[in-house]
Amino acid sequence: MSNRRNFIKKATLGGIGVSTIKTWSSAFVSVQTSKFVSNNNKPVIISTWDHGFEANEKALSELNIGKTAIEAIVSGVGICEADPSNRSVGYGGFPDREGKVTLDACIMDHNSNCGSVSFLQEIKHPIAVAKKILTDTPHVMLSGKGAQDFALSNGFLKENLLTPESKQDWKKWLIKSKYKPVINMENHDTISMLILDKNGNLSGGCTTSGAAWKMHGRVGDSPIIGAGLFLDNDIGAAAATGLGEAVIRTAGSAMVVELMRQGKSPLESCKEVVERIYNKHKNSKDIDYLQVGFIAVNKNGNHAGYSLRSGFNYAILDDENGNRMEDSQFKMSWNNQITN
Ligand code: ASP
């Protein structure tokens, strides 16, 4: 991952970021009529982790050809879902302790329309299924076999998502694990993406294969509106990565948005929710392995990321500086030194 990240940094400095700025500056220069002007009628796209960089680029190119923000999210995070070298999202994701790859995803638009899938198997693009639920059903969330049946009846293909590499790692895990589901912070990085579009409307999505070696049937925060993702188009949007159980317990993303509603900045809001998560979990036996991170953007295009532990980064694309990686601020290092 660090090599990829170095490449990303170089690529941004060496031209990709610069050309990005040109592309969307010219694309949106004629949009003058929207009453929303605080992001200069330019999109802001923020996504979790290194894989967010490429996803942001893709989402921007979709917006530039006139796609909606939720279409752009499906295409952007869809790159990660289809990438077998990405071991935490979609195809190639680490399986649960039974060796099954089970996927969670959700999507939300500026009118608070939502679609979500949980515990979905053998479908490569859960985010696209979530969008289909949003557009074509009266429901928000479909789960397990019902979600799969819905996907199949809408033309999605049934595919084996367990790659030989992930299968091998799972077999190795079985040998030393005693079949215990673990809190393991190394091997699961959801991609969450938030978009403030040229009209000042907010959308978001997230997709993940969840925690590696989890119990069969476990669902994390990522498909849960309010936990892994939340937005209020009058205020801002937020999304999470990290231990889903901790994010669900604190209604993480909804809380970040509510704090922004109370006047806090995206950074202050993410920080306060991370602080709450820390306080709720600090006496837990798993605190040494606990990681959670949030990204947030408000209606003015101000954005931030903040995590409990060091090591969380996110890709941010805006008009001012193009697409680039940022290391988030964090509360503490992995050896429990409080920094912030
Ligand atoms: N939040 C995801 C889950 O708990 C995993 C992650 O983002 O690291 O399923």
Might you tell me the accessible area per residue for the chain, computed with a 1.4 Å probe and given in Å²? 42
Excluding residues fewer than 8 places away in the same chain, name every one of the aspartates and glutamates whose C-alpha is closer than 16 Å to that of residue 178. 96, 98, 169
For the chain, give the percent of accessible area contributed by carbon and sulfur heavy atoms, probe 1.4 Å, rounded to a whole number. 51
Taking the alpha-carbon distance from residue 264 and a cut-off under 22 Å, which lysines remain once sequence neighbours fewer than 8 residues away in the same chain are dropped? 280, 299, 331
Taking the convex hull of the Cα atoms, report for region 141-251 its projected area averaged over all directions, in nm². 9.1
What base-10 log of the normalised intensity I(q)/I(0) is obtained for region 206-251 from the Debye formula, alpha carbons as equal point scatterers, at q = 0.20 Å⁻¹? -0.61
Convex hull (Cα only) mean projected area of the chain, reported in nm² to one decimal: 16.4
Given bins 5 angstrom wide, list per bin the percent of all Cα-Cα distances in region 189-305, short to long. 2, 13, 25, 23, 18, 10, 5, 2, 1, 0
FRET efficiency for residue 165 and residue 111 from the Cβ-Cβ distance with R0 = 41 Å, rounded to 0.05, comes out at 0.50
Run the reach check for residue 172 against lysines, Cα to Cα strictly under 23 Å, same-chain hits fewer than 8 apart removed. What comes back? 100, 180, 214
Output the relative contact order of the chain, whole-number percent, from Cα pairs under 8 angstrom with separation of 6+ residues. 20
With every protein chain left in place and a probe of 1.4 Å, what is the accessible surface of residue 247, to the nearest 10 Å²? 0
If you place +1 on the Cβ of every Lys and Arg, -1 on the Cβ of every Asp and Glu, and leave all else neutral, what size is the dipole of the chain about its Cα centre, to the nearest 20 Debye? 740
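The values are calculated or read from the model by the stated rules, or taken from the named source; none is laboratory data. This is a predicted model, so every value here is computed, not measured. Cβ: placed from backbone, ideal geometry, glycine included. Neighbour counts: every protein chain shown. In case anyone asks, the SASA skips ligands and DNA or RNA and just uses the protein heavy atoms, side chains included. Shrake-Rupley method; radii C 1.70, N 1.55, O 1.52, S 1.80 Å.
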